[in-house]
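Data block below; observations after.
Read-outs: derived from the displayed coordinates by stated rules, not from any lab. Note that this is a predicted model, so its numbers are computed, not measured. So basically every Cβ, Gly included, is an ideal-geometry build from the backbone, and we count neighbours across all protein chains shown.
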Amino acid sequence: MRLTLPAALFALSAPTLAVAGGLEVGERTPLGLARGGAVAASVRDPSAVDLNPGALARLKGAHAFYSHEVTWQRVRFERAPSVIPQDANVTPSVDPYAPVSEQGDPFALGAMVAASHDLGLRDWVFALSLYGPHGVAAQAWPRAGGQRWLTTGYDGMILFPGVSVAWGGPRFGVGITAQAATMPRLNYRLVVDGSTGSGLAPLASAAEVEAELRVRDPFAPTALVGAWGQATPWLDLAVSGRAVPVVFDASGDFVLRNVPGQGAFTPEQLTVPGAAARTRLTLPATARVAARMHDPAPAPEAERWDVELQGQWAGWSTMNQQRLALDGEIRLFGAEPVPDVVLPRRWRDTLGLSLGGSFSPLPGRLRLHAGASVERGATPPRYAHIDFVSFDRLGLGLGAEGTFHVASTALRLAVGYARVLQPDQVTAEPDAKVPQQRPLAPCPSECDGRDAPAVNAGRVESGFDLLGVSVHAAF
């Protein structure tokens, strides 16, 4: 309790929003970072509540675990020239084609805390855990930059408190983690064209405003399952994944603000009486399948080497579009009801392959880890975006783990680093499919028969660096 309670309180205060494929990036825990995510068959600490609940059956006695990650996100956008003429009466306050970069700080609060105990039972292990998705919690972009029609930023918090149970022994295990996911906050911002008449404004509008959606959902049930088994003295097999998707039916409100240098609406015009918003966010079902070859040592701590190959899938095709159901009265130019807004996504399922391994120059005292992963991104090129940058990925990882004994307690300290590379995504304007939002004058009916300007045409440069540390106490 002295180890886990302060960590739990810290994790509860840590904002975290998902951005593996889709909304997540990299892997949780230093072991996962260092081995390229290849951990489903090798995890031997309470982080198994997430990575493979069946592996908890290996943990006899009492165990406490805490890990902490820092994520650096690199995103840069350079908009392509628009073929749609700009209204000569409206001049952009900044160069809309100037490259802009995400301005947020590194996300330094990626925490996980878990504890397990066998309660004196021979074949059962129980665990409690609390953590958030591995990724970044916020973005910040210039409110008047050329990317503002895509997003000006977001911030949020998602937490997974859970209880786990596993059954098995030294050669096999099956388990489940039941969770009550909660999203106390999700705020998302972008600039919309508030024009009520015909005509297009691809670069700047006299009626543009920044809209911020503010929603929350206190409860969404979900569950993870997993199993592992020793096929031979030198080969372990494992499967795990999220069996029940997380479906947040979030509700809240929204507000409007002037865009610096562009908008000049009064506070009365920006007020939205009866403002209300509803949307759905789904974290999909996932699956891992892994095979691990290792030194057939008489005990796990005596192993000198192991190599693990893991395949993973995530059903991100559920994110076809994001519909915002809005209520209220817009007063920019006159009282008008707020229409619903649809943000196209067209995401696809992600597939990945991870290869990782460890070597022990000092068995039972020091282990070195390395790994790599490849993954197909969730975002198709035509719908490339800068908020959740999920393009094809290559991940490289390194790490180390040392074991120390203090009285009857074994302390395992670990550090892991991963660099996630994504190729530049270049989208030509004829292929771009993310439209400028014009809620009061939708296209093509109010745009002289033309589609709304595509605002995601251009070049997106992106990548991530992740550093994690952890401590595992085996009593």
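Reducing segment 105-119 and segment 356-372 to their Cα centroids gives an inter-centroid distance of 22 Å. As a rough guide to protection, the peptides 360-367, 50-57 ranked by mean Cβ packing within 10 Å, highest first, stand as 50-57, 360-367. Each residue of segment 134-150 was assigned a 3J(HN,Hα) from its phi angle through the Karplus expression (A = 6.51, B = -1.76, C = 1.60, θ = phi - 60°), giving 8, x, 10, 9, 7, 9, 9, 10, x, 6, 10, x, x, 8, 5, 6, 7 Hz with x at Gly and Pro. At full extension, Glu336 and Val469 could sit 42.6 nm farther apart than now, given 0.36 nm per residue minus the alpha carbon distance. The peptide list 274-283, 298-307, put in order of mean Cβ contacts within 10 Å with the highest first, becomes 274-283, 298-307.
Annotation: extensible slack from Glu329 through Ala299 equals 4.0 nm (criterion: 0.36 nm per residue apart, minus Cα-Cα distance). If you take the Cα centroid of segment 71-86 and the Cα centroid of segment 250-265, the two points sit 21 Å apart. Per-residue 3J(HN,Hα) values for segment 180-197, derived from phi via the Karplus relation 6.51 cos²θ - 1.76 cosθ + 1.60 with θ = phi - 60°, read 10, 4, 9, 10, x, 7, 8, 10, 10, 10, 7, 9, 10, 8, x, 4, 10, x Hz in sequence order (x marks Gly and Pro). Considering every alpha-carbon pair of the chain, the percent of pairs per 10 Å bin, from zero through the bin containing the longest distance, is 4, 20, 29, 21, 13, 8, 4, 1. Roughly how many Å is it from the Cα centre of segment 406-438 to that of segment 142-201, as a whole number? Going from one Cα centre to the other spans 14 Å. Along segment 297-310 the Karplus relation, 6.51 cos²θ - 1.76 cosθ + 1.60 evaluated at θ = phi - 60°, assigns HN-Hα couplings of 6, x, 9, x, 5, 8, 5, 8, 7, 7, 9, 10, 10, 9 Hz to successive residues, with x for each Gly and Pro. Choose one of Gly54, Leu362, Ala243: the residue whose Cα lies farthest towards the positive end of the charge dipole of the chain (beta-carbon charges +1 Lys, Arg; -1 Asp, Glu; about the Cα centre). Going by the charge dipole, the pick is Leu362.
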